[in-house]
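Let me begin by presenting the structure, written as structure tokens, before commenting on it.
Read-outs: derived from the displayed coordinates by stated rules, not from any lab. Being a predicted model, the structure only gives us computed values, none of them experimental. So basically every Cβ, Gly included, is an ideal-geometry build from the backbone, and we count neighbours across all protein chains shown.
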Amino acid sequence: MSERSIIALSGPQSKRVSGHIPLVQRKLNEQLRRCGSRAAALADDLFQEGCLALTVAVRDHHRDRHGDFAPFALARVHAAMGQFLAERGMLRIPSATQKRRARKSRSRHDPSAAPTVHRPQRPIRLDELPAPSVVTVAGTSIADLIRARIDRAMTRARRRMCNHARRARMVRLIDRVFDERLKIPQPELRTPIRAIARDGQFAIIAVARVERRALRATRARLRRDVAFRWIRRFARRVPDGCRSALPARLESTWQRAAFLASLSPTQRGLLRRRERVARLAHAARPSEAPPGGCTAP
């Protein structure tokens, strides 16, 4: 008997185990539906594995570190049942995962095996960075600048989703969701999801799922957009908000933010490191003042 199977619980912990037995039953039903009749003979063993995992979860759970108990215990029960079924060949493991595990096992047990060769990435040079495009935006409304950054993020998210779509029918659905739903700010003017599903003969849940994916991809790009974050922060500080115009004194700051947003994270970090080194070198440059601390007239 393993060390973890000998578990001593207090009275409140035992009551918590008894109160969360439905979690084990719920996960057991999911595994039985997933594996079919092959796992029906192992239902009792699966239930015991789940109960043991639930007991260990009660002992190891710390609310400050793990949060609520139910999600923590459900993950432990799911992992224990999955490992039990995988050891008995009940779960299908992808071929790519099997090959990766086999390579790791061979390299671990065979010292003469050739090490895995990793292709080094080509270093990025500063002279390969794109030239900053200078477009005068002084006096432009902040709302127009924010909308331009949102449209840019939507265009890139749309292109990526269309490239990953496997069928032309799905590409048409992505285009309609962007054109008739996301790009229209007024909710009352958007095409209803039911109408898009009826015209293209899609399931309503499929249209809603594409819209959620598009919103998630657009928001992720906006979180990484330096120019969008800067202009939104500026709009929150000015009295008129988005109705005000960008002042001429912040033209260079906007150009800098837009240029950084056009770079990749690696290029951006390289550029900032070079600028930091240049500032340190300038600060360490010897003073041109004459000895004695007096400045020349």
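Values computed for the structure shown
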item	result
Cα-derived Rg to Rh of the range 11-87, Kirkwood definition	1.00
With 5 Å bins from 0: P(r) over the range 217-286, alpha-carbon pairs, percent	3, 14, 17, 19, 17, 14, 9, 5, 2, 0, 0
Additional length obtainable on full extension of the chain from Asp179 to Leu215, 0.36 nm per residue less Cα span	11.7 nm
Cα→Cβ-extended label distance, 7 Å offset, between Arg167 and Arg59, nm	5.1 nm
Over the range 133-264: Kirkwood hydrodynamic radius from C-alpha pairwise inverse distances, Å	16.3 Å
For His20, His282, order by how many other beta-carbon atoms lie within 10 Å, fewest first	His282, His20
Sorted by Cβ density within 10 Å, fewest first, the residues Leu52, Leu9, Leu280	Leu280, Leu9, Leu52
Segment Arg256-Leu189, length gained on full extension (0.36 nm per residue, minus Cα span)	20.5 nm
